[in-house]
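Input: one structure, supplied below.
The values are calculated or read from the model by the stated rules, or taken from the named source; none is laboratory data. Computed from a predicted model, the values in this text were never measured in an experiment. Note that we place each Cβ from the backbone using ideal geometry, even for glycine, and neighbour counts take in every protein chain shown. Surface areas here come from the heavy atoms of the whole protein model, side chains and all, with no ligands, DNA or RNA. Shrake-Rupley method; radii C 1.70, N 1.55, O 1.52, S 1.80 Å.
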Amino acid sequence: MSEISEKVHHPGEIVPQSGIYECDCGQGHEYSTGVKGHRFPHLHEACSGSGWKLKAASHPGL
């Protein structure tokens, strides 16, 4: 995996790469489609995670 997929991005930070992100709680229950340049959303109130990790990067030009 790439270095970016291991980094945890916190709610409110700028999305560095478009793709599908999942919360870092380890339960794989919350996903977000991140668009480069937009901000990461808040996690669901019941989620024990602290941020988002890249699960699947979108292809450049899409």
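With the full set of protein chains in place, find how many percent of the accessible area of the chain is carbon and sulfur; take the probe as 1.4 Å.
Values: 2220 of 4170 Å².
That share works out to 53 percent.
On average, how much area does the Cα convex hull of the chain cover when viewed from any direction, in nm²?
Working: hull surface 15.9 nm².
For the chain, the mean projected area of the Cα convex hull comes to 4.0 nm².
For His44 and Ile20, compute 0.36 nm times the residue count separating them, minus their Cα-Cα distance, and round to one decimal in nm. Mind dumping the intermediate values first?
On the way: separation 24, 0.36 × 24 = 8.64 nm, distance 1.63 nm.
7.0 nm is the gain from fully extending His44 to Ile20.
Compare the Cα positions of Gln17, Ser32, Gly51 along the charge dipole of the chain (+1 at Cβ of Lys, Arg; -1 at Cβ of Asp, Glu; about the Cα centre) and return the one farthest towards the positive end.
Value: Gln17.
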